[in-house]
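Throughout, read-outs are computed from the coordinates displayed, never taken from laboratory work. Worth saying up front: this structure is predicted, and the values here are computed from it rather than measured. Note: ideal-geometry Cβ built from the backbone for every residue, glycine included; neighbour counts use all protein chains shown.
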Amino acid sequence: MAVTPSNMLPLGTPAPAFALPDITGDTVSSETYTGYPLLVMFICNHCPFVIHVAAELAQIGMDYRDKIAIVAINSNDVTTHPADSPDKMKEEAAHRGYQFPYLYDESQQVAKAYHAACTPDFFLFDAQHKLVYRGQLDDSRPNSDIPVTGKDLREAINALLAGKPIADKQRPSAGCNIKWKAGNAPG
């Protein structure tokens, strides 16, 4: 299983705008969340790294849904990875109990704008939509025997909500690379 680390955008980077369809067909825009802290998660259905943490992602969605805005974005090429299609995204969201919008980035332009590299990849923005955390959920990985707790991301969210500083030293997320369409990979 190849591991791709996140790109670790500079802290303070403004959140790139997005307007993407969710699994119901409604368009969800970043402008909807103006003035609220925003967590953007790049995930998919088939990645073993996402599957490993999916229950914790659902729990974070439930625990923080009234405190911050949360969206998940799937940017994978569904031609080569049909398990990540919008219909399968609906099934996955229902199966996992996701309480946040699950958006489909068919053009992959949003993933490029965020410099997303892997699934899962996490970007936490403050109420002014400036990047305050980009990094791992926690130290757990598939087959690591380390429990999934969401420790790193939860600490960042809790510090943000409490108005406390978030540590500048942040560990990159790691997972499957985003499945880019032919000729569409960044770089």
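What number of residues within the stretch 97-122 are part of a helix (DSSP H, G or I) and either at positive phi or surrounded by fewer than 20 Cβ atoms within 10 Å (Cβ to Cβ) (or both)? Steps first, please.
Of the stretch 97-122, the ones part of a helix (DSSP H, G or I) are 109-114.
Going one step further and asking which of them are either at positive phi or surrounded by fewer than 20 Cβ atoms within 10 Å (Cβ to Cβ) (or both), we end up with 109, 112-113.
Looking only at that region, the number is 3.
Report yes if some residue within the stretch 148-158 is in contact with a Cys (Cβ under 7 Å, 6 or more places away or on another chain), in contact (Cβ under 8 Å) with a residue 60 or more places away in the chain and either within 30 Å of Thr79 (Cβ to Cβ) or among the basic types (Lys, Arg) (or both); otherwise report no.
So far as the stretch 148-158 goes, no, none of its residues is in contact with a Cys (Cβ under 7 Å, 6 or more places away or on another chain), in contact (Cβ under 8 Å) with a residue 60 or more places away in the chain and either within 30 Å of Thr79 (Cβ to Cβ) or among the basic types (Lys, Arg) (or both).
Can you tell which of Lys130, Lys164, Lys169 is in contact (Cβ under 8 Å) with a residue 40 or more places away in the chain and of a type outside the set (A, V, I, L, M, F, W, C)?
Values: Lys164 fails: in contact (Cβ under 8 Å) with a residue 40 or more places away in the chain; Lys169 fails: in contact (Cβ under 8 Å) with a residue 40 or more places away in the chain.
Exactly one of Lys130, Lys164, Lys169 is in contact (Cβ under 8 Å) with a residue 40 or more places away in the chain and of a type outside the set (A, V, I, L, M, F, W, C), namely Lys130.
Just to be sure I understand, how many residues within the stretch 61-86 are in contact (Cβ under 8 Å) with a residue 60 or more places away in the chain and assigned to a loop (DSSP other than H, G, I, E, B)?
Summing the residues that are in contact (Cβ under 8 Å) with a residue 60 or more places away in the chain and assigned to a loop (DSSP other than H, G, I, E, B) in the stretch 61-86 gives 8.
I'm checking my understanding of the structure. Among residues of the stretch 108-123 that are of a type in the set (A, V, I, L, M, F, W, C) and in contact with a strand residue (DSSP E or B) (Cβ under 9 Å, 6 or more places away or on another chain), which one is farthest from Gln136 (Cα to Cα)?
Residues of the stretch 108-123 that are of a type in the set (A, V, I, L, M, F, W, C), as a first pass: 110-111, 113, 116-118, 122-123.
If we keep only those that are in contact with a strand residue (DSSP E or B) (Cβ under 9 Å, 6 or more places away or on another chain) too, we end up with 110-111, 116-118, 122-123.
Numbers: Val110: 20, Ala111: 17, Ala116: 13, Ala117: 12, Cys118: 11, Phe122: 7, Phe123: 10 Å.
In this case the residue turns out to be Val110.
Could you say whether any residue in the stretch 153-169 is of a type outside the set (S, T, N, Q), surrounded by fewer than 15 Cβ atoms within 10 Å (Cβ to Cβ) and in contact with a strand residue (DSSP E or B) (Cβ under 8 Å, 6 or more places away or on another chain)?
Checked the stretch 153-169: no residue is of a type outside the set (S, T, N, Q), surrounded by fewer than 15 Cβ atoms within 10 Å (Cβ to Cβ) and in contact with a strand residue (DSSP E or B) (Cβ under 8 Å, 6 or more places away or on another chain).
Does Val28 fit the bill of being surrounded by 15 or more Cβ atoms within 10 Å (Cβ to Cβ) and either more than 23 Å from Asp168 (Cα to Cα) or in contact with a strand residue (DSSP E or B) (Cβ under 9 Å, 6 or more places away or on another chain) (or both)? Give the steps one after another, and end with the answer.
Details: surrounded by 15 or more Cβ atoms within 10 Å (Cβ to Cβ): yes; either more than 23 Å from Asp168 (Cα to Cα) or in contact with a strand residue (DSSP E or B) (Cβ under 9 Å, 6 or more places away or on another chain) (or both): yes.
Yes, satisfied.
Keeping to the stretch 3-18, report how many residues are outside any loop (DSSP other than H, G, I, E, B) and of a type outside the set (S, T, N, Q). Show your work before the answer.
Residues of the stretch 3-18 outside any loop (DSSP other than H, G, I, E, B): 4-5, 14.
Filter once more, keeping what is of a type outside the set (S, T, N, Q): 5, 14.
Counting residues in the stretch 3-18 that are outside any loop (DSSP other than H, G, I, E, B) and of a type outside the set (S, T, N, Q) gives 2.
Just to verify a result, which residue in the stretch 54-79, among those that are under 21 Å from His115 (Cα atoms) and not hydrophobic (A, V, I, L, M, F, W, C), is surrounded by the most Cβ atoms within 10 Å (Cβ to Cβ)?
Asn74
Restricting to the stretch 140-164, name every residue that is at negative phi and in a loop (DSSP other than H, G, I, E, B). Steps first, please.
Taking the stretch 140-164 first, the residues at negative phi are 140-142, 144, 146-149, 151-162, 164.
Matches in the stretch 140-164: Ser140, Arg141, Pro142, Ser144, Ile146, Pro147, Val148, Thr149, Lys164.
Name every residue in the stretch 31-53 that is surrounded by fewer than 20 Cβ atoms within 10 Å (Cβ to Cβ) and part of a helix (DSSP H, G or I), in order of residue number.
Correct list: Glu31, Thr32, Pro48, Ile51, His52.
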